[in-house]
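**Student:** Dropping the structure in here first, questions after.
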Amino acid sequence: MRLKIISSLCQGEKNVSQLLKEIKTTQPNMSQHLNSLYQSGVLGKRRDGVQIYYRILNDRVVTLCRAVCAQIAIQVDLDQSTKI
């Protein structure tokens, strides 16, 4: 779930509603994961009215996320090709 959140935020800052449109989970679950990422220093946040927008604070997190996602995609492709 946290990797999905980070992956989504690689494209720019988003609020909880925007994240929930992309990632299928409940609002309380999303908020819990966002809070954990915020508390650990991975994400920053800003308030705009009633909305809170989250963003990635460190570009190294983006690089790491992209590397992990690429490896997962490669593994999925390998797994699918061995089933054929």
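One line per residue, one yes/no per condition, for (1) within 14 Å of the chain's Cα centre (by Cα); (2) on the phi < 0 side of the Ramachandran plot; (3) of a type outside the set (Lys, Arg):
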| position | (1), (2), (3) |
| --- | --- |
| Gln11 | yes, yes, yes |
| Lys14 | yes, yes, no |
| Thr25 | yes, yes, yes |
| Asn29 | yes, yes, yes |
| Leu37 | yes, yes, yes |
| Leu43 | yes, yes, yes |
| Arg47 | no, yes, no |
| Arg55 | yes, yes, no |
| Cys69 | yes, yes, yes |
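**Student:** Name the helices (runs of 4 or more DSSP H) wholly within the chain that hold at least 2 residues that are open to solvent by less than 60 Å² (accessible area, probe 1.4 Å) and out of contact with any helix residue (DSSP H, G or I) (no Cβ under 9 Å at 6 or more places or on another chain)?
**Tutor:** In the chain, 59-83 are the helices (runs of 4 or more DSSP H) which contain 2 or more residues that are open to solvent by less than 60 Å² (accessible area, probe 1.4 Å) and out of contact with any helix residue (DSSP H, G or I) (no Cβ under 9 Å at 6 or more places or on another chain).
**Student:** Next up: Can you name the residue in the range 32-59 that is modelled with pLDDT of 95 or more and among the hydroxyl-bearing types (Ser, Thr, Tyr) and, of all such residues, is farthest from Arg2 (Cα to Cα)?
**Tutor:** Looking at residues that are modelled with pLDDT of 95 or more and among the hydroxyl-bearing types (Ser, Thr, Tyr), I get Tyr53.
The values are calculated or read from the model by the stated rules, or taken from the named source; none is laboratory data. Everything quoted here is computed from the prediction, not taken from an experiment. Glycine gets a Cβ as well: all are built from the backbone with ideal geometry, and neighbour counts include every protein chain shown. Just the protein is used for accessible areas: all its heavy atoms, side chains included, with ligands, DNA and RNA removed. Shrake-Rupley method; radii C 1.70, N 1.55, O 1.52, S 1.80 Å.
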